1. In debye, nearest 20: dipole of the protein assembly as shown around its Cα centre with unit charges on the Cβ of K, R (+) and D, E (-)?
2. Run the simple label-point estimate for B:D108 and A:K189 please: 7 Å along Cα→C-beta, distance reported in nm.
3. Under a 10 Å cutoff between Cα atoms, tell me which one of A:Y41, A:Y119, A:Y181 has the largest fluctuation in the Gaussian network model of chain A.
4. Which of A:V144, A:Y171, B:L98 sits farthest toward the positive end of the charge dipole of the protein assembly as shown, with +1 on the Cβ of Lys and Arg and -1 on the Cβ of Asp and Glu?
5. Take every DSSP beta bridge whose two residues both sit in the protein assembly as shown, then give the antiparallel share in percent to the nearest 5.
6. For chain B, set up a GNM with springs between Cα atoms under 10 Å and report which of B:V35, B:V79, B:V134 has the largest fluctuation.
7. Considering the options A:H192, A:F10, A:A34, tell which one lies farthest towards the positive end of the dipole of chain A, charges being +1 on Lys and Arg and -1 on Asp and Glu at the Cβ, about the Cα centre.
8. Give me, ordered by chain and number, the residues 5 or more places off A:V164 or on other chains with an amide H under 5 Å from its own placed amide H.
Amino acid sequence: MRRAAAAATFKKHLAPDDIVVCGLGSTRRAWAEAGAPQLTYNGSDPMGTAPALALGLALAQPRRRIVLLEGDGDLTMNLGALVTLAGAAPSNLRIAVFINDRYETGGGQPLPNAGRVSYTQIAGAAGFPWTGEAHDEAQLDKLVPALLQRDGEPPSLGLLALHVDPEASPYPADPGPTTQYQDRAAFQKRLHG
Amino acid sequence: MSEPGAASAERVVKALVAAKVEVAASLPDSWLAPVLARIDAEPKIRHIRVGREDDAVGIAAGCALGGKRAAVVCQNAGVLLSANALAGYAHNHQLGFLVLAVYRGLEDDRFHYQKYKGLVTEGVLAGLRIPYRVLTRADELDTIASAVDEAREKPMVLLLRHSALFPAAG
């Protein structure tokens with residue numbers, strides 16, 4: 001599955017008032033390239049803290065659904081965050097982990113134990129009430145709605161692991177016209193009106 | 001007779017509530033036990049237990065991003081562990097929140113394995129360019145509320161000495 005196709009699937013299923021938090025690197029760029037209308041915050045840097053940042057945002061905005069689009073490299077840096085998230089169990093937080101088994105932006109170096117880690121089993125063992133895993137676009141198209149809302153069940157924390165192809169995604173030549181704190185201020189302005 | 005540290009714990013939580021702190025993310029230390037028990041009993045504060053202190057920093061930053069006030073409650077080891085997260089949210093995102101860290105490793109701490117933390121904590125905070133204050137007396141705990149107000153676009157760290165948390169111990 002191409003990253004762009006995965007990002008487009010989320011764009012298709014997310015509600016207009018969902019808030020997206022992106023982890024590092026290629027996942028963030030794929031979501032940006034999808035041109036989705038949802039209010040989005042890019043969590044990097046510091047690396048490894050995007051799940052906690054998304055949890056804090058979910059606690060602060062209980063009426064909004066927060067969707068974290070995370071990379072496997074960022075999550076691997078701090079897998080223990082899954083235990084913290086499961087303990088807090090916010091019903092308005094969902095996590096999607098883009099798995100390509102490598103540090104794409106850093107040059108494609110493999111993650112530790114690449115290809116043999118099950119993020120759904122780790123999340124389930126940490127206490128996540130729902131996990132799912134998609135290997136292709138058809139599976140993803142079914143599982144994103146399940147991640148967001150299971151029919152007949154109360155909303156709950158969930159983690160969806162999706163396998164994407166390795167695709168070169170080097171640092172952009174230009175970091176962009178705005179700084180992180182300018183982006184933060186713009187995000188808050190849109191959030192609070 | 002109340003439990004040791006109960007009066008200071010009451011002061012800490014009263015100040016947090018006065019400052020409209022609604023989330024506390026913590027990792028325990030033995031010196032923090034009365035404070036954490038009091039936070040658990042406080043209905044106006046949601047207590048989130050973390051596995052690493054930089055998760056607490058991320059949670060507090062996310063709360064700040066979303067417009068809610070939060071505090072990190074930990075030992076100064078958590079400040080050291082969270083150096084990158086604190087610096088990133090201070091200088092890259094410019095998000096503010098309070099960090100309450102018990103200050104282990106000074107002359108009032110008889111545990112030799114804590115000493116290195118006393119040696120390096122303030123130097124690390126200065127190097128990170130994170131503002132901090134050391135609270136030595138129990139009455140200084142009342143300044144927690146104003147410290148929350150100061151933490152607008154940068155974390156503010158309060159290092160809590162044993163004498164502030166357990167004044168009767170001398």
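1. Here the size comes out at about 560 debye.
2. The answer from the label model is 4.6 nm.
3. A:Y181
4. Of the candidates, B:L98 comes out farthest on the positive side.
5. Given both bridge residues lie in the protein assembly as shown, the antiparallel proportion sits at roughly 5 percent.
6. B:V134
7. A:H192
8. So A:V164 has HN proximity to A:I99, A:N100.
Computed from the coordinates by the stated procedures, all read-outs in this text should not be read as laboratory data. All figures in this text were calculated on a predicted structure; none of them were measured in a lab. Cβ coordinates were reconstructed from backbone atoms using ideal geometry, including for glycine residues, and neighbour counts include every protein chain displayed.
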